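In what follows, a structure is listed as C-alpha coordinates, so that the remarks can point back to it.
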Ligand SMILES: *Cc1c(COP(=O)(O)O)cnc(C)c1O
(Lines give C-alpha, C1' and ligand atoms only; values in the text may rest on other atoms or scores of the structure.)
Protein backbone atom coordinates (compact mmCIF):
# COMPACT_ATOMS: atom_id res chain seq x y z
CA UNK A 1 0.00 0.00 0.00
CA UNK A 2 1.35 3.40 -0.92
CA UNK A 3 0.39 6.31 1.27
CA UNK A 4 -2.12 8.60 -0.40
CA UNK A 5 -0.35 11.62 -1.80
CA UNK A 6 -1.29 15.05 -0.56
CA UNK A 7 -1.88 18.01 -2.89
CA UNK A 8 1.35 18.84 -4.74
CA UNK A 9 1.42 22.33 -3.20
CA UNK A 10 0.85 20.98 0.32
CA UNK A 11 3.73 18.51 -0.13
CA UNK A 12 6.06 21.49 -0.62
CA UNK A 13 4.85 23.38 2.46
CA UNK A 14 6.39 23.79 5.88
CA UNK A 15 3.95 23.83 8.79
CA UNK A 16 3.68 26.86 11.06
CA UNK A 17 6.26 26.68 13.83
CA UNK A 18 6.33 28.66 17.05
CA UNK A 19 8.56 26.72 19.43
CA UNK A 20 7.27 26.53 23.01
CA UNK A 21 9.99 25.97 25.61
CA UNK A 22 9.40 25.53 29.35
CA UNK A 23 10.77 28.73 30.93
CA UNK A 24 9.90 31.17 33.73
CA UNK A 25 9.53 34.22 31.52
CA UNK A 26 7.58 33.72 28.27
CA UNK A 27 7.87 36.75 26.02
CA UNK A 28 7.72 35.04 22.63
CA UNK A 29 4.15 35.09 21.28
CA UNK A 30 2.85 38.60 21.99
CA UNK A 31 0.22 37.32 24.41
CA UNK A 32 -1.10 39.60 27.14
CA UNK A 33 0.81 39.05 30.39
CA UNK A 34 -2.30 39.56 32.52
CA UNK A 35 -5.44 37.40 32.53
CA UNK A 36 -8.91 38.97 32.15
CA UNK A 37 -10.45 40.29 35.42
CA UNK A 38 -11.63 37.75 38.03
CA UNK A 39 -15.23 38.90 37.48
CA UNK A 40 -14.95 37.62 33.91
CA UNK A 41 -14.19 34.09 35.18
CA UNK A 42 -17.05 34.21 37.68
CA UNK A 43 -19.64 35.35 35.19
CA UNK A 44 -18.38 32.87 32.61
CA UNK A 45 -18.78 30.02 35.10
CA UNK A 46 -22.35 31.11 35.77
CA UNK A 47 -23.04 31.46 32.05
CA UNK A 48 -21.79 27.96 31.28
CA UNK A 49 -24.36 26.37 33.58
CA UNK A 50 -27.08 28.14 31.60
CA UNK A 51 -25.83 27.04 28.13
CA UNK A 52 -28.16 24.82 26.09
CA UNK A 53 -25.47 22.24 25.30
CA UNK A 54 -27.88 20.00 23.38
CA UNK A 55 -28.71 22.81 20.92
CA UNK A 56 -26.65 24.26 18.10
CA UNK A 57 -25.35 27.74 18.92
CA UNK A 58 -26.67 30.94 17.33
CA UNK A 59 -25.36 30.38 13.83
CA UNK A 60 -25.17 34.09 13.01
CA UNK A 61 -23.53 34.93 16.37
CA UNK A 62 -25.85 37.93 16.28
CA UNK A 63 -25.36 39.28 19.79
CA UNK A 64 -21.58 38.96 19.60
CA UNK A 65 -21.35 40.70 16.21
CA UNK A 66 -23.72 43.47 17.27
CA UNK A 67 -21.69 44.17 20.42
CA UNK A 68 -18.34 44.08 18.58
CA UNK A 69 -19.82 46.56 16.10
CA UNK A 70 -20.90 48.93 18.89
CA UNK A 71 -17.59 48.83 20.72
CA UNK A 72 -15.47 49.33 17.60
CA UNK A 73 -17.76 52.15 16.51
CA UNK A 74 -17.32 54.09 19.77
CA UNK A 75 -14.41 56.26 18.54
CA UNK A 76 -16.47 57.20 15.47
CA UNK A 77 -19.68 58.05 17.33
CA UNK A 78 -21.65 55.42 15.43
CA UNK A 79 -21.78 51.62 15.75
CA UNK A 80 -20.75 49.35 12.90
CA UNK A 81 -23.80 47.33 11.90
CA UNK A 82 -24.18 43.59 12.50
CA UNK A 83 -23.82 42.96 8.76
CA UNK A 84 -20.43 44.77 8.73
CA UNK A 85 -18.96 42.37 11.30
CA UNK A 86 -17.71 38.82 10.69
CA UNK A 87 -16.44 36.74 13.62
CA UNK A 88 -14.46 33.49 13.57
CA UNK A 89 -12.12 31.23 15.54
CA UNK A 90 -9.19 33.60 15.83
CA UNK A 91 -8.35 36.23 13.26
CA UNK A 92 -6.48 33.42 11.54
CA UNK A 93 -9.84 31.86 10.61
CA UNK A 94 -10.98 35.30 9.43
CA UNK A 95 -7.90 35.47 7.17
CA UNK A 96 -8.57 31.94 5.96
CA UNK A 97 -12.19 32.79 5.13
CA UNK A 98 -10.99 35.84 3.17
CA UNK A 99 -8.57 33.67 1.18
CA UNK A 100 -11.24 31.02 0.57
CA UNK A 101 -13.70 33.61 -0.70
CA UNK A 102 -11.41 35.96 -2.63
CA UNK A 103 -8.31 33.81 -3.30
CA UNK A 104 -7.98 30.36 -4.90
CA UNK A 105 -6.60 29.00 -8.15
CA UNK A 106 -5.32 31.59 -10.60
CA UNK A 107 -5.46 34.38 -8.00
CA UNK A 108 -2.80 35.89 -5.80
CA UNK A 109 -2.29 37.80 -2.59
CA UNK A 110 0.35 40.52 -2.15
CA UNK A 111 2.42 40.89 1.03
CA UNK A 112 5.12 43.37 2.02
CA UNK A 113 7.89 41.49 3.83
CA UNK A 114 8.93 41.10 6.52
CA UNK A 115 5.43 40.77 7.91
CA UNK A 116 3.14 38.26 9.65
CA UNK A 117 4.05 34.84 8.23
CA UNK A 118 0.48 33.57 8.39
CA UNK A 119 -0.71 35.91 5.62
CA UNK A 120 1.26 34.05 2.97
CA UNK A 121 0.95 30.68 4.69
CA UNK A 122 -2.85 30.76 4.91
CA UNK A 123 -3.09 32.02 1.32
CA UNK A 124 -1.03 29.02 0.14
CA UNK A 125 -3.09 26.54 2.15
CA UNK A 126 -6.12 27.97 0.34
CA UNK A 127 -4.45 27.33 -3.04
CA UNK A 128 -3.76 31.01 -3.65
CA UNK A 129 -0.57 32.35 -5.25
CA UNK A 130 1.62 34.66 -3.15
CA UNK A 131 3.63 37.60 -4.47
CA UNK A 132 5.85 39.45 -2.03
CA UNK A 133 7.62 42.80 -2.13
CA UNK A 134 10.28 43.94 0.35
CA UNK A 135 10.00 46.79 2.81
CA UNK A 136 12.81 49.36 3.06
CA UNK A 137 15.79 48.47 5.26
CA UNK A 138 14.23 50.44 8.16
CA UNK A 139 11.02 48.37 7.63
CA UNK A 140 8.94 51.31 6.42
CA UNK A 141 6.88 50.85 3.27
CA UNK A 142 7.79 53.03 0.28
CA UNK A 143 4.35 54.17 -0.80
CA UNK A 144 5.21 54.62 -4.49
CA UNK A 145 6.75 51.15 -4.60
CA UNK A 146 3.69 49.70 -2.85
CA UNK A 147 1.28 51.35 -5.28
CA UNK A 148 3.39 50.20 -8.24
CA UNK A 149 3.39 46.63 -6.85
CA UNK A 150 -0.41 46.59 -6.59
CA UNK A 151 -0.76 47.90 -10.18
CA UNK A 152 1.81 45.40 -11.46
CA UNK A 153 0.66 42.22 -9.68
CA UNK A 154 -3.08 43.02 -9.64
CA UNK A 155 -3.57 40.82 -6.52
CA UNK A 156 -7.02 39.67 -5.43
CA UNK A 157 -6.01 40.52 -1.86
CA UNK A 158 -3.39 43.01 -0.65
CA UNK A 159 -2.29 42.56 2.97
CA UNK A 160 -1.09 45.33 5.23
CA UNK A 161 -0.39 44.74 8.91
CA UNK A 162 -0.54 47.78 11.18
CA UNK A 163 1.19 47.81 13.59
CA UNK A 164 3.26 45.35 11.60
CA UNK A 165 4.30 42.09 13.22
CA UNK A 166 7.27 41.56 13.73
CA UNK A 167 8.63 45.08 13.11
CA UNK A 168 6.19 47.09 15.27
CA UNK A 169 5.64 50.00 12.92
CA UNK A 170 2.24 51.52 12.17
CA UNK A 171 1.39 52.16 8.53
CA UNK A 172 0.74 55.91 8.15
CA UNK A 173 -2.81 56.87 7.15
CA UNK A 174 -1.57 58.40 3.88
CA UNK A 175 0.09 55.09 2.92
CA UNK A 176 -3.03 53.06 3.63
CA UNK A 177 -5.17 55.51 1.62
CA UNK A 178 -2.79 55.44 -1.36
CA UNK A 179 -2.62 51.63 -1.34
CA UNK A 180 -6.43 51.50 -1.14
CA UNK A 181 -6.71 53.76 -4.19
CA UNK A 182 -4.43 51.39 -6.12
CA UNK A 183 -6.40 48.37 -4.86
CA UNK A 184 -9.57 50.02 -6.21
CA UNK A 185 -7.88 50.50 -9.61
CA UNK A 186 -7.28 46.74 -9.89
CA UNK A 187 -10.65 45.73 -8.37
CA UNK A 188 -8.93 44.01 -5.44
CA UNK A 189 -9.52 43.82 -1.69
CA UNK A 190 -7.31 45.46 0.94
CA UNK A 191 -6.98 43.61 4.26
CA UNK A 192 -5.49 45.62 7.14
CA UNK A 193 -4.50 43.25 9.95
CA UNK A 194 -4.87 45.24 13.18
CA UNK A 195 -4.20 42.48 15.72
CA UNK A 196 -2.37 45.21 17.69
CA UNK A 197 -4.68 48.04 16.65
CA UNK A 198 -5.60 49.18 20.18
CA UNK A 199 -1.93 49.91 20.90
CA UNK A 200 -1.68 52.37 18.01
CA UNK A 201 -2.82 55.94 17.48
CA UNK A 202 -4.48 55.55 14.05
CA UNK A 203 -6.82 52.81 12.80
CA UNK A 204 -7.97 51.96 9.29
CA UNK A 205 -11.45 51.37 10.81
CA UNK A 206 -11.99 54.99 9.79
CA UNK A 207 -12.03 53.84 6.14
CA UNK A 208 -14.73 51.20 6.55
CA UNK A 209 -17.60 51.89 4.22
CA UNK A 210 -19.60 49.86 1.70
CA UNK A 211 -17.98 51.89 -1.09
CA UNK A 212 -14.41 51.04 0.01
CA UNK A 213 -12.86 47.62 -0.71
CA UNK A 214 -11.09 47.42 2.63
CA UNK A 215 -11.55 45.29 5.75
CA UNK A 216 -9.88 45.53 9.15
CA UNK A 217 -9.18 42.35 11.13
CA UNK A 218 -8.80 42.31 14.91
CA UNK A 219 -8.52 39.66 17.61
CA UNK A 220 -9.21 38.80 21.23
CA UNK A 221 -5.75 37.19 21.43
CA UNK A 222 -3.65 40.22 22.38
CA UNK A 223 -5.37 43.28 23.88
CA UNK A 224 -8.36 41.32 25.21
CA UNK A 225 -6.11 38.89 27.13
CA UNK A 226 -7.89 35.91 25.60
CA UNK A 227 -5.52 34.06 23.25
CA UNK A 228 -6.91 30.78 24.54
CA UNK A 229 -10.43 31.72 23.45
CA UNK A 230 -9.58 31.66 19.72
CA UNK A 231 -11.83 34.51 18.68
CA UNK A 232 -11.19 37.13 16.02
CA UNK A 233 -13.27 39.31 13.74
CA UNK A 234 -13.29 41.73 10.89
CA UNK A 235 -15.11 44.97 10.25
CA UNK A 236 -15.77 45.61 6.58
CA UNK A 237 -18.32 46.23 3.86
CA UNK A 238 -21.51 44.17 4.27
CA UNK A 239 -20.95 42.70 0.80
CA UNK A 240 -17.68 41.14 1.99
CA UNK A 241 -19.33 39.73 5.12
CA UNK A 242 -22.05 38.13 2.90
CA UNK A 243 -19.39 36.28 0.89
CA UNK A 244 -17.48 35.13 3.98
CA UNK A 245 -20.68 33.66 5.39
CA UNK A 246 -20.80 31.37 2.33
CA UNK A 247 -17.35 29.81 2.82
CA UNK A 248 -17.22 29.40 6.59
CA UNK A 249 -18.46 26.14 8.12
CA UNK A 250 -21.96 26.30 9.60
CA UNK A 251 -21.93 26.75 13.40
CA UNK A 252 -18.16 27.31 13.39
CA UNK A 253 -18.42 29.61 16.42
CA UNK A 254 -19.40 27.42 19.34
CA UNK A 255 -21.70 28.52 22.14
CA UNK A 256 -18.94 28.75 24.72
CA UNK A 257 -16.84 31.01 22.49
CA UNK A 258 -19.82 33.28 21.85
CA UNK A 259 -20.60 33.43 25.56
CA UNK A 260 -17.03 34.26 26.57
CA UNK A 261 -16.60 36.67 23.66
CA UNK A 262 -19.68 38.63 24.73
CA UNK A 263 -18.67 38.66 28.38
CA UNK A 264 -15.15 39.89 27.64
CA UNK A 265 -16.63 43.00 26.04
CA UNK A 266 -18.21 43.96 29.38
CA UNK A 267 -14.69 44.72 30.57
CA UNK A 268 -13.73 47.36 28.01
CA UNK A 269 -12.33 49.78 30.61
CA UNK A 270 -10.11 47.07 32.04
CA UNK A 271 -8.85 46.27 28.55
CA UNK A 272 -7.98 49.91 27.91
CA UNK A 273 -6.17 50.07 31.26
CA UNK A 274 -4.14 46.95 30.43
CA UNK A 275 -3.20 48.47 27.08
CA UNK A 276 -2.11 51.70 28.81
CA UNK A 277 0.05 49.73 31.27
CA UNK A 278 1.70 47.83 28.42
CA UNK A 279 2.36 51.03 26.48
CA UNK A 280 4.09 52.44 29.57
CA UNK A 281 6.11 49.24 29.97
CA UNK A 282 7.00 49.33 26.28
CA UNK A 283 8.61 52.71 26.94
CA UNK A 284 10.59 51.24 29.81
CA UNK A 285 11.82 48.28 27.76
CA UNK A 286 12.77 50.59 24.87
CA UNK A 287 14.78 52.71 27.32
CA UNK A 288 16.47 49.62 28.74
CA UNK A 289 17.37 48.44 25.24
CA UNK A 290 18.70 51.89 24.33
CA UNK A 291 21.34 51.49 27.04
CA UNK A 292 22.58 48.19 25.55
CA UNK A 293 24.54 47.39 22.38
CA UNK A 294 21.47 46.69 20.24
CA UNK A 295 19.68 48.38 17.37
CA UNK A 296 15.89 48.67 17.87
CA UNK A 297 12.93 49.83 15.82
CA UNK A 298 10.10 52.07 17.05
CA UNK A 299 7.06 50.01 18.03
CA UNK A 300 3.41 50.89 18.43
CA UNK A 301 2.54 47.33 19.45
CA UNK A 302 3.13 45.13 22.54
CA UNK A 303 6.53 43.95 21.35
CA UNK A 304 9.85 45.39 20.20
CA UNK A 305 12.12 44.13 17.43
CA UNK A 306 15.83 44.53 18.09
CA UNK A 307 19.20 43.36 16.82
CA UNK A 308 22.26 42.80 19.03
CA UNK A 309 25.29 44.52 17.54
CA UNK A 310 28.05 42.71 19.42
CA UNK A 311 26.91 39.07 19.23
CA UNK A 312 24.78 36.99 16.87
CA UNK A 313 21.02 36.94 17.39
CA UNK A 314 21.09 33.15 17.56
CA UNK A 315 23.62 33.12 20.44
CA UNK A 316 21.80 35.83 22.37
CA UNK A 317 18.48 34.02 21.98
CA UNK A 318 19.77 30.71 23.32
CA UNK A 319 21.69 32.30 26.19
CA UNK A 320 18.47 34.05 27.21
CA UNK A 321 16.75 30.64 27.19
CA UNK A 322 19.57 29.41 29.47
CA UNK A 323 18.46 32.19 31.84
CA UNK A 324 14.84 30.99 31.55
CA UNK A 325 13.74 33.91 29.35
CA UNK A 326 12.07 32.99 26.04
CA UNK A 327 11.72 35.60 23.28
CA UNK A 328 11.06 35.13 19.56
CA UNK A 329 14.03 34.16 17.47
CA UNK A 330 13.65 35.89 14.09
CA UNK A 331 17.40 35.70 13.38
CA UNK A 332 17.01 33.39 10.39
CA UNK A 333 13.83 34.90 8.95
CA UNK A 334 14.26 36.50 5.52
CA UNK A 335 15.15 40.19 5.85
CA UNK A 336 15.55 39.95 9.63
CA UNK A 337 19.16 38.81 10.03
CA UNK A 338 20.09 38.55 13.70
CA UNK A 339 16.79 40.11 14.83
CA UNK A 340 14.95 39.13 18.00
CA UNK A 341 11.44 40.13 19.07
CA UNK A 342 10.50 40.59 22.70
CA UNK A 343 6.89 40.75 23.88
CA UNK A 344 6.17 43.35 26.56
CA UNK A 345 5.30 41.53 29.79
CA UNK A 346 4.63 42.47 33.39
CA UNK A 347 7.11 44.88 35.03
CA UNK A 348 8.79 41.89 36.74
CA UNK A 349 9.08 39.93 33.48
CA UNK A 350 10.50 42.96 31.68
CA UNK A 351 13.06 43.41 34.49
CA UNK A 352 14.09 39.77 34.20
CA UNK A 353 14.44 40.12 30.44
CA UNK A 354 16.52 43.31 30.61
CA UNK A 355 18.77 41.95 33.37
CA UNK A 356 19.35 38.69 31.46
CA UNK A 357 20.04 40.54 28.22
CA UNK A 358 22.51 42.86 29.91
CA UNK A 359 24.32 39.83 31.28
CA UNK A 360 24.38 38.07 27.90
CA UNK A 361 25.66 41.15 26.10
CA UNK A 362 28.34 41.54 28.73
CA UNK A 363 27.79 45.21 29.33
C1 LIG B 1 -1.19 37.43 16.92
C2 LIG B 1 -1.62 37.88 15.56
C3 LIG B 1 -2.86 37.53 15.06
C4 LIG B 1 -3.79 36.74 15.94
O5 LIG B 1 -4.29 35.64 15.37
P6 LIG B 1 -5.45 34.90 16.19
O7 LIG B 1 -5.79 33.80 15.27
O8 LIG B 1 -6.55 35.88 16.37
O9 LIG B 1 -4.88 34.45 17.51
C10 LIG B 1 -3.25 38.00 13.83
N11 LIG B 1 -2.44 38.80 13.10
C12 LIG B 1 -1.24 39.17 13.55
C13 LIG B 1 -0.40 40.08 12.75
C14 LIG B 1 -0.79 38.70 14.78
O15 LIG B 1 0.42 39.06 15.22
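The values are calculated or read from the model by the stated rules, or taken from the named source; none is laboratory data. What you see is a predicted model, and the numbers here were worked out from it, not measured in a lab. Cβ atoms come from the backbone with ideal geometry, glycine included; neighbour counts cover every protein chain shown.
Consider only pairs whose beta carbons are under 9 Å apart and that are at least six residues apart or on different chains; among these, list those whose first residue lies in segment 341-363 and is under 15 Å from residue 280 (Cα atoms) and whose second residue is exposed (fewer than 14 other Cβ atoms within 10 Å of the Cβ). That search, which allows pairs on different chains as well, returns 349/24.
Within the option set 87, 32, 101, being outside any loop (DSSP other than H, G, I, E, B), within 16 Å of the ligand (Cβ to nearest atom) and buried (at least 19 other Cβ atoms within 10 Å of the Cβ) holds for one residue only, 87.
Look at residue 168 and say whether it is on the phi > 0 side of the Ramachandran plot, within 16 Å of the ligand (Cβ to nearest atom) and buried (at least 21 other Cβ atoms within 10 Å of the Cβ). Against the criterion (on the phi > 0 side of the Ramachandran plot, within 16 Å of the ligand (Cβ to nearest atom) and buried (at least 21 other Cβ atoms within 10 Å of the Cβ)), residue 168 qualifies. Per the conditions (1) more than 16 Å from the ligand (Cβ to nearest atom); (2) at pLDDT 95 or above; (3) within 24 Å of residue 328 (Cβ to Cβ); (4) outside any strand (DSSP E or B), the sole criterion not satisfied by residue 306 is (4).
Screening residue 228 with (1) within 24 Å of residue 270 (Cα to Cα); (2) within 13 Å of the ligand (Cβ to nearest atom); (3) touching a residue at least 24 places away in the same chain (Cβ under 8 Å) gives one miss only, at (3). Given 150, 131, 186, which one is over 30 Å from residue 68 (Cα atoms), touching a residue at least 12 places away in the same chain (Cβ under 8 Å) and surrounded by 18 or more Cβ atoms within 10 Å (Cβ to Cβ)? Exactly one residue qualifies, and that residue is 150. Sub-6 Å Cβ pairs linking a first residue in segment 306-324 that is under 13 Å from residue 342 (Cα atoms) to a second residue that is in a helix (DSSP H, G or I), at least 6 apart or interchain, are 306/289; 308/316; 316/360; 320/356, ordered by first then second residue. Would you confirm whether any residue within segment 287-294 is crowded, with 22+ Cβ neighbours inside 10 Å and not in a strand (DSSP E or B)? Checked segment 287-294: no residue is crowded, with 22+ Cβ neighbours inside 10 Å and not in a strand (DSSP E or B).
Scanning segment 170-186 finds one or more residues that are in contact with a helix residue (DSSP H, G or I) (Cβ under 7 Å, 6 or more places away or on another chain) and in a loop (DSSP other than H, G, I, E, B).
Suppose the filter is surrounded by fewer than 17 Cβ atoms within 10 Å (Cβ to Cβ) and within 27 Å of residue 340 (Cα to Cα); does residue 144 pass it? Answer is no for this residue. If you filter segment 231-252 down to residues that are more than 11 Å from residue 94 (Cα to Cα) and in a loop (DSSP other than H, G, I, E, B), you find that the one that is nearest to the ligand (Cβ to nearest atom) is 252. State whether one or more residues within segment 59-66 are within 16 Å of the ligand (Cβ to nearest atom), buried (at least 19 other Cβ atoms within 10 Å of the Cβ) and not in a helix (DSSP H, G or I). Yes - at least one qualifying residue is present in segment 59-66.
One residue is enough: does segment 37-57 have a residue meeting the conditions within 14 Å of the ligand (Cβ to nearest atom), outside any helix (DSSP H, G or I) and surrounded by fewer than 21 Cβ atoms within 10 Å (Cβ to Cβ)? Checking segment 37-57: not a single residue is within 14 Å of the ligand (Cβ to nearest atom), outside any helix (DSSP H, G or I) and surrounded by fewer than 21 Cβ atoms within 10 Å (Cβ to Cβ). Taking segment 1-29 as the range and being within 16 Å of the ligand (Cβ to nearest atom) and either surrounded by 12 or more Cβ atoms within 10 Å (Cβ to Cβ) or farther than 27 Å from residue 302 by Cα (or both) as the test, the residues that pass are 26, 27, 28, 29. Number of residues in segment 108-142 that are more than 15 Å from residue 190 (Cβ to Cβ), assigned to a loop (DSSP other than H, G, I, E, B) and away from the ligand (no atom under 13 Å from the Cβ) equals 10. Taking the numbered list (1) in contact with a helix residue (DSSP H, G or I) (Cβ under 9 Å, 6 or more places away or on another chain); (2) farther than 20 Å from residue 250 by Cβ in turn, residue 83 passes all entries but (2).
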